[in-house]
Amino acid sequence: KQMALNLGVYSADLSYASLFDQTQYSIKYMGNSRKLAEGLGIMEAINENTVKRLEENMNNREIVMEIISESFMNSNSFLKENDRPVQAVMVLVGGWVEGLYLATTLTNGSMDTNQRLVDKIIYQKLSLYTVLNLMESYKDENEDIKDLYSKLNELKVIFDQVKIVNTSNVEA
């Protein structure tokens, strides 16, 4: 459970570090992600070429983001194809939660900081429903998913208080 969640977390952190040209942090997160992938037995999904491409292009944000996305999708597919969908869901949840954490941290607790960022955070309400629906089919058969599902439902209670209004002023 912890390795799968942390692989998602480190994937989000690697994306964040790459986005803001934090090369040293990117290298650190890449190394940690690799160890977690090895521990989960999914290094087949992230081959040596991928790692080498990432190292060679560390200063090219667009290519790094492309490689990270590709690796995430390959890992997810590998887990599903090898009858390990629960771990795939946990990686996804770890990445989603970390992404939400990073976004909320960037606001410095102020709704006035960056309206586009605040809007993105608000729209995570919709993503949360998707994540919960994905977890729904596994929560009765897996205690780790059941625990995560319960914790994310606590977050849902908060998001349920958020009203999303689209441009035609109709509540979603």
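The values are calculated or read from the model by the stated rules, or taken from the named source; none is laboratory data. In this text, all values refer to a predicted model and were calculated from it rather than measured experimentally. Positions of Cβ are backbone-derived with ideal geometry, glycine not excepted, and every protein chain shown enters the neighbour counts. Protein only, heavy atoms only, side chains kept; ligands, DNA and RNA dropped before computing areas. Shrake-Rupley method; radii C 1.70, N 1.55, O 1.52, S 1.80 Å.
Please go through segment 59-72 and give me each residue that is open to solvent by 30 Å² or more (accessible area, probe 1.4 Å) and either more than 17 Å from MET30 (Cβ to Cβ) or in contact with a helix residue (DSSP H, G or I) (Cβ under 9 Å, 6 or more places away or on another chain) (or both), ordered by number.
Restricting attention to segment 59-72, the residues satisfying the condition of being open to solvent by 30 Å² or more (accessible area, probe 1.4 Å) are 59-63, 65-66, 69-70, 72.
Residues satisfying the conditions are ASN59, ARG61, ILE63, MET65, SER69, GLU70, PHE72.
Within segment 115-128, take every residue that is exposed (fewer than 15 other Cβ atoms within 10 Å of the Cβ) and without any contact (Cβ under 8 Å) to a residue 12 or more places away in the chain and give me the one that is nearest to LYS163 (Cα to Cα).
Taking the candidates together, the pick is ASP119.
Would you confirm, using the coordinates I've provided, whether TYR25 is open to solvent by 50 Å² or more (accessible area, probe 1.4 Å), in contact with a Leu (Cβ under 9 Å, 6 or more places away or on another chain), of a type outside the set (Asp, Glu) and at pLDDT 80 or above? Full working, then the answer.
Details: open to solvent by 50 Å² or more (accessible area, probe 1.4 Å): yes; in contact with a Leu (Cβ under 9 Å, 6 or more places away or on another chain): yes; of a type outside the set (Asp, Glu): yes; at pLDDT 80 or above: yes.
For TYR25, the condition - open to solvent by 50 Å² or more (accessible area, probe 1.4 Å), in contact with a Leu (Cβ under 9 Å, 6 or more places away or on another chain), of a type outside the set (Asp, Glu) and at pLDDT 80 or above - is met.
Would you mention how many residues in segment 137-160 are open to solvent by less than 80 Å² (accessible area, probe 1.4 Å) and either part of a helix (DSSP H, G or I) or farther than 14 Å from VAL89 by Cα (or both)?
Looking only at that region, the number is 12.
Name the residue, out of LEU19, LEU102, LEU14, LEU106, that is surrounded by fewer than 17 Cβ atoms within 10 Å (Cβ to Cβ) and touching a Phe, Trp or Tyr at 6+ places or on another chain (Cβ under 8 Å).
Among LEU19, LEU102, LEU14, LEU106, only LEU102 is surrounded by fewer than 17 Cβ atoms within 10 Å (Cβ to Cβ) and touching a Phe, Trp or Tyr at 6+ places or on another chain (Cβ under 8 Å).
Of the numbered conditions (1) within 27 Å of LEU132 (Cα to Cα); (2) surrounded by fewer than 21 Cβ atoms within 10 Å (Cβ to Cβ); (3) without any contact (Cβ under 8 Å) to a residue 60 or more places away in the chain; (4) in contact with a Ser or Thr (Cβ under 9 Å, 6 or more places away or on another chain), ARG84 satisfies every one except a single condition; which is it?
(4)
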